[in-house]
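The values are calculated or read from the model by the stated rules, or taken from the named source; none is laboratory data. In this text the structure is predicted, and so the values were computed from the model without any measurement. Cβ sites come from the backbone with ideal geometry, for glycine too, and all protein chains shown count toward neighbours.
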Amino acid sequence: MTVSRPRLKQVFRDLLADSSRNPLPAMTTRTVHGRVHFPGKVSAVVGVRRAGKTTFLHQLRSAKLRDGTPQRLLPFVSFEDERLVGLDASDLSLLVDEYCRLYADSAQEAAPVTWHFDEIQLVRGWERFVRRILETDGDDVVVTGSSAGLLSREIATALRGRGWRILLHPFSFEEAQRHRGTNVPVDGSSPTATLRSRMERAYIDWLRTGGFPEAQGLEDPVRRQLLRDYVDVAMFRDVVERHDVRNVTGLRWLVRQLLGNAASLFSVEKFYRSLRSQGIAISKDSVHQMLGYLDDCFLIRVIWMESASERQRMVNPRKAYPVDTGLIPIFDRTGKANLGHALETAVLVELERRGCEITYVRTGEGFEVDFLARGPSGEANLIQTCTDLSDPATAEREIRALQAAGAAMPEAGKLVLTLAADGFPQEVPEGVSVQTAWEWSLGMPVAA
C-alpha cells in the first residue's frame, strides 16, 4: 500500500463526506433494457471506455434520491482518485469502518446502503471485499470498471455467480437526440411528413458522428482526434498492457483492418497471410487472441455465422463491427460515405442494447442475411439493412435473401431496415416488413 493507514482513513472520510453532500452532476438519462438490479447480486456496468459508465452510476443514485433514499445511503467512491493508488482488498475494510463512524448517529435506522464503486478493478482482490459486503452486511453494490480490468466474461468467475451484467454502449439515436435537446416521437402516432424528414436527416447525421457522449456537438477535426485517442487508449490499456501483447505492429494493423472495413467478413487466415506478405511476423494464434481481446474490451463487436454445427461456425468467417459508427470514417480509406456500413453497425449495436443474441445467416442458395436476432423472450427476427430500396433490383435481392432464410426459420419475423420512407419498394411480399431505421431504433411499431 502506498498510503499510510491514518492518511487512508482520512481520504476515505473525505470521499464519503463529499459523496453525501455534493450535488449530483447533470446528465442525459440513459435507457437500459432489462433489469438493472437483481437482489443479492452485484450490478456490474461494463462497456467500452468513455461510453458513460460513471455518469450512469450517478443516474442510479439520482433515481434513488427521487424515491426518498437519503444521499448518505448512496456512497460513491472512484478508485481513479490519485490518493488511492496501490490499494488492495484488505485496505477497503477501512472504507466501511469510516462510513460507520461518519454516520454512527444514523445507525439506528438500520437502512441498507447501496455502494457505488467506480473503476474498482484498480483495487487488487476487490472481488473478496464486494462479496463480503453482500454476504455479511446485506448492502447492495454497483460497480463499474474499464474493460481493462472488468470484462463481462470475468464477472461470473470473479464474483462466483453473484454478478449481474449491465452493458452500456455509447448513446443510441434516441439518447443522442435527447442529449441535444431534440424532441423525439414517443407516443406511437404516425409521424408527419415534416417530422419524418427531420428525423431521417438527424439519423444520418448520428450515423456519421456516432454516439460517444463527449464527442457530441464537436467540430469534425476535434471529434475525429478525440475518437482516435479513444481507440489508442483502448488498444494500449485494454489489450497491450492487460494482456502483455508484444506484437503492437500486428495489433495496429488488425485494428485498422477491422475499423476500416466495418460490417465486413473477417478471416483470420486471410489476414494472417496478408501480414506475412507485408513482412510482419505474426502467428495465427496471435491474430485469434488479439481479435478476442478487442471484442472483450468492446471496441470491436464480433458475430458468428448461424449454424447448429460448431465446426461450421469455426471454419466460416466472422463479421466484425466497431462499437460506434463514428469510428468508421476515421479509419475507412476509401473516402466514401459508407452509410451502408454505418447503418448495419448501428443496427447491430442496438440489438446488443436490447439484449439479443446475434448471428448472421448464409443460406444454402448463397444468400446472406445481416442478422438473426434472438431476443431475451425467445422471439427471433431476420433483419436485413439497406440504405435505399427504391431500386427494384436492390429491393428484390434483399427481400429474396430474407425469404430464403425465412424458409428454414418459419418462426422468425422478416424485417428490412432502410434510411428513408421514400426509398421503400413499390411492393412488399406478405410476411416481410419494411421500416425506417430511425423508427425501429425508437421502438415505433411497423406501419401496417
Filter the range 176-212 for residues that are part of a helix (DSSP H, G or I) and in contact with a Gly (Cβ under 7 Å, 6 or more places away or on another chain) and give the result. Ala176, Thr209
Qualifying positions in the range 352-379 - among the small types (Gly, Ala, Ser) and either in contact with a strand residue (DSSP E or B) (Cβ under 6 Å, 6 or more places away or on another chain) or under 12 Å from Trp304 (Cα atoms) (or both): Ala373
Scanning the range 225-246 for residues that are touching a residue at least 40 places away in the same chain (Cβ under 8 Å) and more than 18 Å from Val323 (Cβ to Cβ), which turns out surrounded by the fewest Cβ atoms within 10 Å (Cβ to Cβ)? Glu241
Which condition from (1) within 19 Å of Glu200 (Cβ to Cβ); (2) surrounded by fewer than 17 Cβ atoms within 10 Å (Cβ to Cβ) is the one that Pro392 breaks? (1)
Within the group Leu275, Leu327, Leu291, which residue is surrounded by 14 or more Cβ atoms within 10 Å (Cβ to Cβ) and either touching a residue at least 40 places away in the same chain (Cβ under 8 Å) or among the β-branched types (Val, Ile, Thr) (or both)? Leu327
Right, Asp332: in contact (Cβ under 8 Å) with a residue 12 or more places away in the chain and under 21 Å from the mean Cα position of the chain (by Cα) or not? no
Pairs, please: C-beta under 7 Å, at least 6 apart or cross-chain, first residue touching a residue at least 24 places away in the same chain (Cβ under 8 Å) and in the range 54-74, second assigned to a helix (DSSP H, G or I) and among the basic types (Lys, Arg)? Leu74/Arg61; Leu74/Lys64
Exactly one condition in (1) in a loop (DSSP other than H, G, I, E, B); (2) in contact with a Lys or Arg (Cβ under 8 Å, 6 or more places away or on another chain); (3) at pLDDT 90 or above is not met by Ala51; state its number. (2)
Can you find a residue that is at pLDDT 85 or above and assigned to a helix (DSSP H, G or I) anywhere in the range 136-153? no
Go through the residues of the range 100-108 one by one and say whether even a single one is assigned by TED's automatic domain parsing to the domain that holds His37, surrounded by 14 or more Cβ atoms within 10 Å (Cβ to Cβ) and touching a strand residue (DSSP E or B) at 6+ places or on another chain (Cβ under 6 Å). no
Restricting to the range 172-224, what's the tally of residues that are surrounded by 12 or more Cβ atoms within 10 Å (Cβ to Cβ) and closer than 20 Å to Arg49 by Cα? 19
Looking only at the range 343-362, decide whether some residue is over 20 Å from Trp440 (Cβ atoms), surrounded by fewer than 23 Cβ atoms within 10 Å (Cβ to Cβ) and assigned by TED's automatic domain parsing to the domain that holds Arg318. yes
Given the criteria surrounded by fewer than 16 Cβ atoms within 10 Å (Cβ to Cβ), under 24 Å from the mean Cα position of the chain (by Cα) and of a type in the set (Gly, Ala, Ser), does Ala26 qualify? yes
Quick one: is Arg224 in the same structural domain as Thr436 (by TED's automatic domain parsing), over 24 Å from the mean Cα position of the chain (by Cα) and in a helix (DSSP H, G or I)? no
Restricting to the range 55-78, what's the tally of residues that are outside any helix (DSSP H, G or I) and of a type in the set (Ser, Thr, Tyr)? 2
Test Leu251 against the criterion of being touching a Phe, Trp or Tyr at 6+ places or on another chain (Cβ under 8 Å) and either crowded, with 20+ Cβ neighbours inside 10 Å or polar (S, T, N, Q) (or both), and give yes or no. no
Being in contact with a strand residue (DSSP E or B) (Cβ under 6 Å, 6 or more places away or on another chain) and in a helix (DSSP H, G or I) is the filter; apply it to the range 394-438 and report the residue that is farthest from Glu344 (Cα to Cα). Gly406
Kindly check whether there is at least one residue in the range 48-61 that is surrounded by fewer than 16 Cβ atoms within 10 Å (Cβ to Cβ), at negative phi and out of contact with any Pro (no Cβ under 7 Å at 6 or more places or on another chain). no
